[in-house]
1. Please give, to one decimal in nm, the separation of the simple spin-label points placed at Glu175 and Glu36, each 7 Å out from Cα toward the Cβ.
2. Take the Cα gyration tensor of segment 66-121, multiply each eigenvalue by 5, square-root it, and list the three semi-axes largest first, rounded to whole angstrom.
3. Counting other Cβ atoms within 10 Å of each Cβ, which GluC sites (Glu not before Pro) in segment 69-124 have at most 10 and sit in a DSSP loop?
4. Once both axes come from the Cα atoms, what is the angle between helix 174-183 and the longest principal axis of the chain, in degrees from 0 to 90, rounded to 10?
5. Would you kindly calculate the translational diffusion coefficient of segment 29-139, applying Stokes-Einstein with the Kirkwood radius from alpha carbon pairs, for 20 °C and a viscosity of 1.002 mPa s, and quote it in µm² s⁻¹ without decimals?
6. So what are the chain's ellipsoid semi-axes, whole angstrom, largest first, if each one is the square root of 5 times an eigenvalue of the alpha-carbon gyration tensor?
7. Using a simple spin-label model with points 7 Å from Cα along the Cα→Cβ vector, what separation in nm is obtained for Thr72 and Glu21?
8. Which distance in nm do the two modelled labels at Trp166 and Leu91 give, with both placed 7 Å along the Cα-to-Cβ direction?
Amino acid sequence: MRTRSSRYGAPMLTADDVARELGLEPLPFEGGYFRETYRAPGVIPSSAWGEVGDGREGERNFATQIYYMLRTGQNSALHRVASDECFHFYLGDPVVQLVLKGEGTDEGAKRVRIGADLARGERPQHVVAAGDWQGACLASDVPGTDESARHGFALLGCTVAPGFDWRDFELVTAEQAAGLKRRFPEEAGLVGLLTPVEGRERA
C-alpha cells in the first residue's frame, strides 16, 4: 500500500509495489527478486569459445538484462559469473557491492556504493569483471554501519555479456568463504553476511 509521499507529493512506491508492477519473482540461489527483460536473439556458437581461450561449452546469447531488487535484510549472496556484468541503479536506497578479485592478481577487495547520491561517492553504474567474486546488500545492512534505509529496498538493473546462463554461475561455498575471509580479513564481516546459509540450493 502506498502510504508515504515523495518530496514532489506523489505516492512513494514500496518494495511490494515495485515487485507487483514489474512482475518480480524470487531469484534462485543468489537471493533477491528479479525479472528478465531482454535476451538478445543472436547467439555465440559453441565453437567460438575455444578460439578465445574460454572454457565454456554450448551456445550463449549475445547479452541479457534483468530487473533486480533487494529488500532490507536481503542480500545478493557471494557468487561469480563467467561474463562481465553491468549494474544500473534505478530507485530506492543505495547498495554496497563487495567485489573480490581472484587469486593471482595484484588487486584486492573493493566496496562500491551503487546509488544516485554522487556527492557521497555513489555511482549509478558499475561493472563487475567476469570471474570476480561479488555480493551486495543495502548500505544500511552493512555490518557496523549507522546508516538507515529510507525506502527499504533498492531496484537495480543488470546487463550481462555474453548473456547469462546458469552454467556460468557459481555460488560461494562455506569453504570458499572461509578462504576469502583469510585473504581479505578486513572484509570478513561483510563476507560472512554475504555467505549463504547452509542448505541453500546451489547452481
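Any read-out appearing in this document is the output of simple, stated calculations on the displayed coordinates, not a laboratory observation. Quick caveat, the model's predicted, so the values are computed rather than measured. Here the Cβ is made from the backbone with ideal geometry for all residues, glycine too, and neighbour counts use every protein chain on show.
1. Those two pseudo-labels are separated by 3.1 nm.
2. Numbers: eigenvalues 97, 45, 25 Å².
Value: 22, 15, 11 Å, ordered largest first.
3. Passing both the DSSP loop test and the Cβ count: Glu103.
4. 80 degrees
5. On the way: Rh = 15.6 Å.
It comes out at roughly 138 µm²/s.
6. Details: eigenvalues 161, 99, 46 Å².
Rounded to whole Å, the semi-axes are 28, 22, 15.
7. Simple spin-label model gives 2.0 nm for this pair.
8. Roughly 3.1 nm, to one decimal.
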